[in-house]
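Please treat every number below as a calculation from the coordinates, not as lab data. Since this is a predicted model, take the numbers as computed values, not measurements. Reconstructed Cβ throughout: ideal geometry from the backbone, glycine too, with neighbour counts over all protein chains shown.
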Amino acid sequence: MSLTADLPVGDLQFYDNYVPALAPGNWRITVGHTLAGVVTGDLGAIQNMVVSAPQFAIDTNAVLNQYPPAGSTGQYAQVLPHIVLNDALLPWERTMTGSSDNPWLALLVLGEDEIVGGTGSPTRAQAGTVASFLSADPAVLKPDITQEGDVADTDPCAFIQLSTTLFTALTPRLTELRFLAHCRQSNIADKAEQGLEANGLFSVVVGNRFPAAPAQGGPGAQKSIAHLVSLEGLEPYLVDQPDFGGFTSVALISLASWTFNTMADQLQDFRGLMENLVAQEYDGTTYTPDDLWLRLPEPSPAIDTGTPAGAEADRRLADGFVPTPYQFRTGEQTFAWYRGPCVPVLTMPLSDGTLLPTADAALIYQSAFGVFDASLATAWQTGRALALADRAFGQALYDFRQRGHQLTDSLLQRLQSDAFSADQIAGLSGNTLVQDEFLQFLTSDLPSAPGLAGAARPATGPLPAGAAPDLDQDPARDPDPARDPDPVTTVKNFLADPQAQALIADETQDALLPVATWLANLLLLYPVPFNLLVPDGRMLAPETLRFFYLDGNWLRALTDGALSIGMQSSRDSFFTEIMGDVIRQAATTAAQALRARRIGVDPPAAEAAENLVSGFLLRSAVVSGWPNLAVHGSVGGEDLRILRMDRLADDLLFCLFWGVPDCVEFAEPQEGFRFGVDDDGNVPVRQPLAGGSVPLGTQLATPLLLVPGSLRADGDNVLDVATAAQQIQGALSAARVAVDDFGPADFALQMVKSPEAIKFTSPTG
């Protein structure tokens with residue numbers, strides 16, 4: 001199988017299957033060597049080996065997505081449930097008799113009263129061991145499989161039991177299996193970090209039964225149970241009229257299971273959940289976009305803004321502050337304002353010369369009202385505490401400072417010595433551009449630099465033979481009243497020069513890299529406690545979406561606090577102060593590339609017009625129901641770079657954009673396409689081939705009425721897959737589109753129900 005390279009974000013590629021080159025099981029490698037004329041016999045060796053593949057259980061991390069979502073309630077009567085697996089090979093890792101491209105897995109959709117036993121589990125699955133499952137039972141049919149060498153008798157497994165009648169009614173036929181599993185490839189750049197494969201390849205197993213719904217107009221919901229089962233060893237029974245002999249039930253290994261409820265209520269489907277996020281911001285007839293900012297809701301009763309104190313409190317709350325208890329060092333109790341890094345307004349950046357050497361320096365006192373603003377002080381102390389807790393970062397920061405000090409001393413020694421030429425001084429750097437700038441600095445700027453005037457002369461190389469130095473003209477040997485002999489001042493003036501900083505930054509890149517990488521994680525708030533991001537739960541109630549900007553001042557205080565550790569002298573402090581901009585720029589650059597390194601994908605993205613970071617927090621059941629939710633933030637139709645997107649909890653999604661989007665779109669994941677029919681039982685007929693007169697996937701003709709004509713006759717809402725495939729091929733032929741080998745990918749394209757999406761646009765977007 002040849003994967004599509006550089007698949008665009010939002011696109012999806014279907015593949016029939018992904019069959020491994022070597023089947024699982026016990027293998028023997030025999031190597032022989034015959035020597036001519038040797039009577040003792042052939043020389044050879046035998047090596048036994050086991051090719052491992054899941055057989056009785058799978059890793060829980062292999063399940064990426066389920067539809068309908070586990071525990072959800074929605075209008076699912078027209079969809080075919082499916083499960084998305086993070087392992088693209090899994091459905092074909094075991095071989096079924098008769099065909100190597102038939103999956104060994106099937107997804108069964110069952111009613112609670114259709115499963116035999118297992119009453120102690122929500123999914124009616126029974127727990128046991130491999131040995132107990134395989135043990136013979138005169139009434140229960142067990143699969144005819146060989147236990148692999150790496151599977152112990154005591155290994156746990158889960159299984160379900162179905163009556164033989166129900167087994168025949170529900171299970172896919174052996175000829176239908178290939179249509180119910182396929183592979184999908186999508187770009188993972190718009191997904192939360194979940195350890196996904198960088199190639200974005202997933203496998204999907206689709207059920208063949210529509211979930212049961214309540215009677216028309218009836219109350220409540222109908223519970224369904226989905227089981228991903230193994231059909232290995234049951235091939236003789238996957239036919240229309242199998243012979244079960246004296247068996248009355250069939251035992252099936254259950255590899256994954258979940259429950260969901262089907263009803264006529266749309267509140268728990270994707271569209272209903274997303275629309276409900278905005279519906280809460282309506283007050284009956286009007287909608288205020290301002291209500292989607294991350295801040296406390298308006299207090300009730302409203303604040304009296306007629307007084308200076310009331311107006312100030314109202315402004316603070318609107319700007320995202322919350323009042324929090326505050327205790328003076330004297331023990332007195334009062335309150336202070338606090339605001340985290342996620343703010344609803346743009347903030348005025350601190351001036352470049354602002355120094356925050358301590359938390360107290362970052363504490364703001366509002367003398368007009370006698371109240372402290374502890375936002376930046378909290379950020380500073382948080383950065384320091386996180387840095388002190390990470391020994392590796394402390395060591396990396398120490399190594400960087402030591403490297404900087406050593407380089408400074410070496411440069412100054414060469415500048416103040418006649419033993420080195422300009423070429424030898426500039427030879428400290430391998431960067432040609434830095435060399436050129438620094439040579440210019442040596443020949444022109446250095447003699448006139450404050451505190452360095454006369455401290456060194458630009459050397460021009462060794463003197464000609466027989467020539468004597470002109471001591472009277474040598475400022476390095478001739479005292480000059482303008483010369484500052486103070487070494488501290490000399491070092492400070494040297495470090496303050498931009499060319500010197502550029503050279504030091506260039507030569508300390510290796511030592512700066514781990515420091516910048518750690519600070520990049522800090523700038524993206526990975527280690528920052530959530531209660532500092534959202535200090536009051538009322539700011540992010542259940543089923544809410546809140547947007548924000550990142551406060552650069554808060555991040556500045558956070559990094560200053562982290563860089564404050566390990567100061568051993570004034571020289572350390574001055575070096576950190578002088579190199580602060582270099583360190584922060586390196587951290588910012590690392591932060592822009594951090595997500596690409598973590599997920600292995602760096603998609604093309606629009607460059608941010610301004611050095612701003614924005615984002616959102618989504619707290620909703622849509623996050624738990626669609627863990628692979630796709631998110632796009634764009635400006636003028638071009639996607640912005642996602643700096644971070646993580647699920648902080650089962651129902652909480654956190655996202656940061658490089659820039660400020662004018663549109664944010666939330667969509668069901670491409671690889672999580674639903675299968676099924678519309679409310680009338682129709683499926684669209686889509687262009688299945690690329691390069692035709694219309695684009696791939698375009699609807700070609702009148703929708704095909706698939707249901708009820710393609711259901712099995714027993715009334716269990718089971719799709720007759722073979723008949724459905726034939727009807728779809730007939731509809732394509734009628735539309736004058738011929739598909740030579742109609743396979744699982746073609747069937748998937750025709751049966752998908754396009755994912756839903758909802759867009760939030762700014763008032764100016």
Exercise for the section: Rounded to whole Hz and in sequence order, give me ³J(HN,Hα) for segment 59-76 from the Karplus expression 6.51 cos²θ - 1.76 cosθ + 1.60, θ = phi - 60°, writing x for Gly and Pro. Expected result: 5, 4, 6, 6, 8, 8, 7, 9, 9, x, x, 4, x, 7, 10, x, 8, 10
Problem - Residues listed by number, segment 21-37, amide nitrogen under 13 Å from Leu89 label point at 7 Å toward C-beta - result: 21-25
Completion exercise
With the dipole of segment 60-262 defined by +1 on each Lys or Arg Cβ and -1 on each Asp or Glu Cβ, the option from Pro69, Cys157, Gly117 whose Cα lies farthest towards the positive pole is Pro69
Completion exercise
Projecting the Cα atoms of Thr702, Met751, Thr723 onto the charge dipole of segment 677-761, where Lys and Arg contribute +1 and Asp and Glu -1 at Cβ, the residue farthest towards the positive end is Thr702
Handout entry: Cα-centred dipole magnitude for segment 60-262, charges only on beta-carbon of K, R (+1) and D, E (-1), debye, nearest 20
Key = 620
Fill in the blank from the handout: Residue by residue through segment 299-316, the couplings from Karplus 6.51 cos²θ - 1.76 cosθ + 1.60 with θ = phi - 60°, in Hz, x for Gly and Pro, are x, 10, x, 5, 5, 6, 8, x, 9, x, 5, x, 5, 5, 5, 5, 5, 4
Fill in the blank from the handout: In terms of the charge dipole of segment 521-655, which places +1 on Lys and Arg and -1 on Asp and Glu at the beta carbon, the residue among Leu563, Gly637, Gln592 farthest towards the positive end is Leu563
Handout entry: Förster radius 60 Å - calculated FRET efficiency between Leu43 and Arg391, Cβ distance, rounded to 0.05
Key = 0.60
Practice task
Amide H neighbours of Lys753 under 5 Å, at least 5 residues apart or on other chains, H built in the peptide plane: list them.
Solution key: Arg674, Phe675, Gly676
Fill in the blank from the handout: Relative contact order in percent for segment 677-761 (Cα pairs under 8 Å, 6+ apart) equals 29
Exercise for the section: Enumerate the amide H contacts of Met96 below 5 Å, restricted to partners 5 or more residues apart or on another chain; note that Pro and chain-start residues carry no placed amide H. Expected result: Asn102
Exercise for the section: Amide H neighbours of Leu643 under 5 Å, at least 5 residues apart or on other chains, H built in the peptide plane: list them. Expected result: Leu656, Phe657, Trp658
Handout entry: Per-peptide average of other Cβ atoms within 10 Å, ordering 389-395, 292-298 highest first
Key = 292-298, 389-395
